[in-house]
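Undergrad: My structure is below; once you've seen it, I'll send some questions.
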Amino acid sequence: MNIGDISKLNCTGCCACVNICPKNAIKIVTDDEGFYVPRVNEKLCVDCGKCYSACPSNENAYVDESLSGYLVRLKDKIKLKKSASGGAFFGIASFMIESYGALVAGAAITEDLSVKHIIVESRDDLAKLQNSKYVQSYVGNVYQQIRNALDRGRTVLFSGTPCQIAGLYAVIPLKKRERLYTVDLVCHGVPSPAILKRQIDFDSKSKQGRVVDFRFRYKNPKAEGNISFFMMVMIMARGFPLVRRVSQDVYLNLFMQGLDFRECCYNCKYANLKRIADFTIGDCDSRDFYPHFYPGESNSILLINSKRADSLWKDISKQFDFTALDVPREAEYNHQLKHPFKRPKQRDGIYEDLLNNEWLAVKNKYSIPQNRMDRYKLLILLNTPAWVKSIFAKIKRR
């Protein structure tokens, strides 16, 4: 048997099979919904079965029950502004680079505006890996690069979705993981990269030229606080960015409703408190229970899942302001720490709409229109210094 025998409902597109094949007989292609899937070249395949036996969908990967958790906020205010919420990833990664000279692997937006895993080794380059990317990243041969780095004696920190970490563990034997550390995300599910590309291609036809970058979350760089807004921000070649609220953006609107996730996401075996990585990071959904800890700001949860992660926490914690997290209560509010996203009935056939119809028709069906006034309002509000907002608030109260 080979990886071709893995059901579409089970394949996560983690790329473990590509990295472990001794004959380079497997390549990653996209299926009819635009998701990454493996394709076996039968002429090169020798039926060794390594890809099938290594596939994380065939077995339960090594997991640890979360030992403890914290609500965290990065002390570095400049780097905090570039983080989606409380800067948990940057705090861990910068510590690993400075203390262990570690290589850090994570998802980045590349020059062609696709999201791929890359490896960096400097604190300055961590900016490429910061901020949320609500799309499946392409791992490629990064697992094999990590294995080679570990063989050379390097320390490596890998961040990604739980299924990607399961893929990494499939390629890196347990005996070689002494210097490998992992961070998984509280993942809700991943939409197809093909949908994001369609939206970017459509927006690139505007009078402002092509899209050169994008963000799914935004923090006002001029505000005193660190509130993170869920919205689509398309950075254009010239002029102001395109800024849309969730309901006004096809991609984010579908994502927030879970209407376009990969099929395996609705049956995710990692969506619970038995975490696969050393650390788990994500937004705090039970934040109202911590009124003493930077209320009204976007803070992160950081779960400590292994004994070695616990031993690092004493030093890593110096990067943060933090308070103890009630982990079971967080799981009650943050449902992906308890169970997978429930598959909506509307998921049936939705990709026939999204990939085959004109994008204007897709926009009209899956989002609400944005008028020019609202766009200007968003641009002003999201870039207005805090002291100006306070003046307007005082005038409004009079």
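Undergrad: Let me confirm something: among A107, A54, which residue is under 30 Å from E297 (Cβ atoms) and either under 24 Å from the mean Cα position of the chain (by Cα) or surrounded by fewer than 21 Cβ atoms within 10 Å (Cβ to Cβ) (or both)?
TA: Among A107, A54, only A107 is under 30 Å from E297 (Cβ atoms) and either under 24 Å from the mean Cα position of the chain (by Cα) or surrounded by fewer than 21 Cβ atoms within 10 Å (Cβ to Cβ) (or both).
Undergrad: Go through the residues of region 37-54 one by one and say whether even a single one is outside the structural domain of D283 (by TED's automatic domain parsing) and closer than 30 Å to R217 by Cβ.
TA: Yes, region 37-54 contains a residue that is outside the structural domain of D283 (by TED's automatic domain parsing) and closer than 30 Å to R217 by Cβ.
Undergrad: Restricting attention to region 53-62, does a residue exist that is without any contact (Cβ under 8 Å) to a residue 60 or more places away in the chain and more than 29 Å from L273 (Cα to Cα)? It would help to see each step written out before you state the result.
TA: Kept after step one, since they are without any contact (Cβ under 8 Å) to a residue 60 or more places away in the chain, are these residues of region 53-62: 53, 58-59.
Narrowing further to those that are more than 29 Å from L273 (Cα to Cα): none.
Taking every residue of region 53-62 in turn, none turns out to be without any contact (Cβ under 8 Å) to a residue 60 or more places away in the chain and more than 29 Å from L273 (Cα to Cα).
Undergrad: Same structure again: So K23 clears everything in (1) more than 30 Å from S298 (Cα to Cα); (2) touching an Asp or Glu at 6+ places or on another chain (Cβ under 7 Å); (3) surrounded by fewer than 18 Cβ atoms within 10 Å (Cβ to Cβ) except one condition, right? Which one?
TA: (2)
Undergrad: Filter region 319-351 down to the residues that are touching a strand residue (DSSP E or B) at 6+ places or on another chain (Cβ under 9 Å) and part of a helix (DSSP H, G or I), then identify the one that is nearest to V63 (Cα to Cα).
TA: L337
Undergrad: Also, quick follow-up: Restricting to region 35-87, what's the tally of residues that are of a type in the set (V, I, T), in a strand (DSSP E or B) and within 26 Å of V327 (Cα to Cα)?
TA: Total meeting the criteria: 1.
Undergrad: Where residues in region 249-272 are in contact with a helix residue (DSSP H, G or I) (Cβ under 6 Å, 6 or more places away or on another chain) and within 15 Å of L185 (Cβ to Cβ), which of them is surrounded by the most Cβ atoms within 10 Å (Cβ to Cβ)?
TA: Residue satisfying both the conditions and the ranking: Y270.
Undergrad: Checking D326 against (1) among the acidic types (D, E); (2) assigned by TED's automatic domain parsing to the domain that holds V243; (3) modelled with pLDDT of 95 or more, which single condition isn't satisfied?
TA: Every condition holds for D326 apart from (2).
Undergrad: One residue is enough: does region 147-160 have a residue meeting the conditions of a type in the set (A, V, I, L, M, F, W, C), surrounded by 19 or more Cβ atoms within 10 Å (Cβ to Cβ) and assigned by TED's automatic domain parsing to the domain that holds A361?
TA: No, there is no match, as no residue in region 147-160 is of a type in the set (A, V, I, L, M, F, W, C), surrounded by 19 or more Cβ atoms within 10 Å (Cβ to Cβ) and assigned by TED's automatic domain parsing to the domain that holds A361.
Undergrad: Given the options L180, L174, L168, name the one that is surrounded by 24 or more Cβ atoms within 10 Å (Cβ to Cβ) and not assigned by TED's automatic domain parsing to the domain that holds D31.
TA: Unique residue meeting the criteria: L168.
Undergrad: Any idea which residue in region 326-357 is surrounded by the fewest Cβ atoms within 10 Å (Cβ to Cβ), counting only those that are basic (K, R) and closer than 21 Å to N267 by Cα?
TA: At the first step, the residues of region 326-357 found to be basic (K, R) are 329, 338, 342-343, 345, 347.
Now restrict to residues that are closer than 21 Å to N267 by Cα: 338, 342-343, 345, 347.
Details: K338: 14, K342: 8, R343: 16, K345: 6, R347: 16.
So, considering only residues that are basic (K, R) and closer than 21 Å to N267 by Cα, the one surrounded by the fewest Cβ atoms within 10 Å (Cβ to Cβ) is K345.
Undergrad: Mind checking which residues of region 269-294 are acidic (D, E) and not in a strand (DSSP E or B)? Walk me through how you get there before you give the answer.
TA: Within region 269-294, the subset acidic (D, E) is 278, 283, 285, 288.
D278, D285, D288 - these are the residues of region 269-294 that are acidic (D, E) and not in a strand (DSSP E or B).
For (1) more than 26 Å from I316 (Cβ to Cβ); (2) in a helix (DSSP H, G or I), each residue gets a yes or a no:
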{"site": "S122", "(1), (2)": "no, no"}
{"site": "I195", "(1), (2)": "yes, yes"}
{"site": "V212", "(1), (2)": "yes, no"}
{"site": "R215", "(1), (2)": "yes, no"}
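Undergrad: What single numbered condition from (1) out of contact with any Ser or Thr (no Cβ under 6 Å at 6 or more places or on another chain); (2) surrounded by fewer than 19 Cβ atoms within 10 Å (Cβ to Cβ); (3) part of a helix (DSSP H, G or I) fails to hold for I316?
TA: Going through (1) out of contact with any Ser or Thr (no Cβ under 6 Å at 6 or more places or on another chain); (2) surrounded by fewer than 19 Cβ atoms within 10 Å (Cβ to Cβ); (3) part of a helix (DSSP H, G or I) one by one, I316 breaks only (2).
Undergrad: Now for a separate question. For the condition within 21 Å of the chain's Cα centre (by Cα) and among the charged types (D, E, K, R), what is the one hit in R329, R287, R308?
TA: One residue alone meets the criteria, R287.
Undergrad: Any idea which residue in region 226-268 is modelled with the lowest pLDDT, counting only those that are more than 23 Å from R210 (Cβ to Cβ) and part of a strand (DSSP E or B)?
TA: Here the answer is S228.
The values are calculated or read from the model by the stated rules, or taken from the named source; none is laboratory data. Keep in mind the model is a prediction, meaning the values are calculated, not measured. Quick reminder, even Gly has a Cβ in these numbers, built from the backbone with ideal geometry, and neighbours come from all protein chains shown.
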